[in-house]
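Data block below; observations after.
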Amino acid sequence: MQVIHTEISYEKAVIESLLLTHKKYGGSNMSKGATNFVTNTSSKSKKTALRLCIFLGLIGAHYYYVGRIGMGLLYTFTFGLFFFGWIIDIFRIQLGSFKDNVDAPLRQ
């Protein structure tokens, strides 16, 4: 019986703590009809990455730009993965599936 009471007390303390934190930082806008979205986009530009890929992609400049140093070195030493990787990356950047080092899509 004591274990159940302790677990309930702990859960109650956690909920109260969350409610106090919620009130302290302004609460939520959900009751006003607004929704909160957090989007994860890179600080790196899609246009810059595409230009680097087209002109210097065979040495991996676009990977260095987005912070993926390992892939940049691989492209440097294999000459853009023997041209195939370079061509594929041009399409990946244009289609928006190219990501930066934290796996965030590039910004427009």
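Structure notes:
- Hey, Ile8 among the hydrophobic types (A, V, I, L, M, F, W, C), assigned to a helix (DSSP H, G or I) and modelled with pLDDT under 70 or not: yes
- Evaluating Ile15 against the criteria (1) modelled with pLDDT of 65 or more; (2) part of a loop (DSSP other than H, G, I, E, B) leaves one unmet condition, (2).
The values are calculated or read from the model by the stated rules, or taken from the named source; none is laboratory data. Remember, predicted model here, so these are calculated numbers, not experimental data.
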